[in-house]
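The values are calculated or read from the model by the stated rules, or taken from the named source; none is laboratory data. A quick note: this is a predicted structure, and the numbers were derived from the prediction, not measured. Neighbour counts run over all protein chains shown; Cβ positions are idealised from the backbone, glycine included.
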Amino acid sequence: MRAPRRDGSSGLGEYVVNVTSMDYAPGVANIEGKATAITVLTPVRRGGPILLWIVFWAGRNLAFTLKKLEVLSFIHYARWTLIKRFPDGDEGDGQRPNHTYLFFESNFNGTWDQYIDAFSEVVALRMKAIWGTSIGFPGPLPVEPFKRYIRSNEYVANHYWSAYPGHTTTEIVSAGRVEAALAEFRRTSADLDPDAFSAAYASFLTKVQRDL
Amino acid sequence: MNGRHDICGQAHSLTVLTPIREGHESALARYLNALDGGRESPLSRVARTHFARWVVLGDVVYEGKGARDHLKRGQLLFTSNFDGTDLDSYLESLRTGLGPAADEIWSHCSGYPGSDGAAAFAAYMRKHHIESSLFFAAYGEKTVDEVKTSLSVRRDVINFAMNSQAMAPAALQAAFARAFPG
């Protein structure tokens, strides 16, 4: 039962799209305004969890490893985790499949293709470090096999929600800078005469114009 | 407390994987698919939530040559990216914010105790919570309210800049004081 099929159907009817085929187009449930959800689960080869433990330790403790994700300025939130057991409804620890599974989710703005392109090109080594232990992973480059791999291991969200669907990551980060600059300008311009205020305002606008 | 790897700045990740009752996968997926989005989503009533999703997992994918895995039970994945340091208070927001929708959803899952009791609901979510190994937040120091405030301030600054382009210094200063009082 529930054997996923390569044609993208799950055997559970039209409402469960649990495995995607290579030509599957992401469902609208993955999109909320400008935000897109990606949900990927990949089986990890034996020995992989130990390597991933090191990779994730580095991600948590070496600032530069995640800094690069900030360069990909369209990711709001992302997470990785390892799943060794799946709850089966019985008393006990649940089902332990043959493989540990690597779970990845991201909340980003832009298209799926842009996202995978950027991941593949900008953080290729990190992608290799994270998914290199996943069975069937073709490598981040060239990008087409990588996309096919993600597609075939991706799940479509049945419901997806964002608190600010109309805004991109860049807008939010920029807005934070504008807010801070405005607070600073208000503090430093409170006692200025009109001409000095006008000059200070011009400087403020110059400072924040790339964030507007 | 949430797991320590579930934290980035003040933001937290929550990952909950619950077993779907035998034969309930389609009914659950159908319910979730039919939920209204945006402001009408039940998640809009759950304070402190930045992004959240439900995903019905029928089975795992396996592309290798060896013995393939099949899950004994379908799984309901719920993930959230939320504010604050206290998982229990967020789970309570989830329970009260979702209201009847919580039962409509998780009653398709084995062992779900219902949403009448705060402690039992939280215990069920905690039991099925999986800690993140790595969690990234681009603006993890910002709460939902702070994000919205920042966006509003940015919008006000843009509007003011556009409307004040030809103002003389004294008029500019007065207009600024009106636009950004306090």
Within segment B:159-179, how many residues turn out to be within 19 Å of residue A:208 (Cα to Cα) and surrounded by 15 or more Cβ atoms within 10 Å (Cβ to Cβ)?
6
Counted residues, segment B:83-135 - those being in contact (Cβ under 8 Å) with a residue 12 or more places away in the chain, within 29 Å of residue A:59 (Cα to Cα), surrounded by fewer than 20 Cβ atoms within 10 Å (Cβ to Cβ) and of a type in the set (Gly, Ala, Ser)
1
Single residue of segment B:150-172 satisfying the filter (more than 7 Å from chain A (Cβ to nearest Cβ) and part of a helix (DSSP H, G or I)) that is farthest from residue A:53 (Cα to Cα)
B:171
Quick one: count up the residues across segment A:64-74 that are closer than 18 Å to residue B:5 by Cβ, aliphatic (A, V, I, L, M) and in contact (Cβ under 8 Å) with a residue 24 or more places away in the chain.
1
Considering only segment B:64-89, state which residues are charged (D, E, K, R) and not in a strand (DSSP E or B).
B:65, B:68, B:69, B:72, B:73, B:86, B:88
All positions within segment B:165-179 that are at pLDDT 95 or above and of a type outside the set (A, V, I, L, M)
B:169, B:173, B:176, B:178
Kindly provide the set of residues from segment B:21-52 that are outside any helix (DSSP H, G or I) and either more than 7 Å from chain A (Cβ to nearest Cβ) or farther than 20 Å from residue B:142 by Cβ (or both), ordered by number.
B:21, B:22, B:23, B:24, B:35, B:36, B:37, B:41, B:46, B:47, B:48
Got a number for residues in segment A:142-181 being more than 7 Å from every other protein chain (Cβ to nearest Cβ) and in a loop (DSSP other than H, G, I, E, B)?
4
Tell me which residues, restricted to segment B:1-20, are crowded, with 20+ Cβ neighbours inside 10 Å and not in a strand (DSSP E or B).
B:2, B:6
In this structure, does residue B:98 turn out to be under 29 Å from residue B:20 (Cβ atoms), touching a strand residue (DSSP E or B) at 6+ places or on another chain (Cβ under 8 Å) and more than 9 Å from chain A (Cβ to nearest Cβ)?
no
Residue identified as over 15 Å from the mean Cα position of the chain (by Cα) and not assigned by TED's automatic domain parsing to the domain that holds residue B:8 among B:115, B:133:
B:133
Residues (aliphatic (A, V, I, L, M), at the interface with another protein chain (Cβ under 9 Å from one of its Cβ atoms) and not in a helix (DSSP H, G or I)) located in segment A:128-141
A:135
What about residue A:201, is it at the interface with chain B (Cβ under 10 Å from one of its Cβ atoms) and in contact (Cβ under 8 Å) with a residue 24 or more places away in the chain?
no
Just one of A:125, A:205, A:192 is in a helix (DSSP H, G or I) and surrounded by 15 or more Cβ atoms within 10 Å (Cβ to Cβ); which is it?
A:205
Tell me which residues, restricted to segment B:1-20, are within 7 Å of chain A (Cβ to nearest Cβ) and farther than 21 Å from residue A:106 by Cβ.
B:18, B:19
Among the residues of segment A:34-74, count how many are surrounded by 14 or more Cβ atoms within 10 Å (Cβ to Cβ), within 26 Å of residue A:156 (Cα to Cα) and not aliphatic (A, V, I, L, M).
11
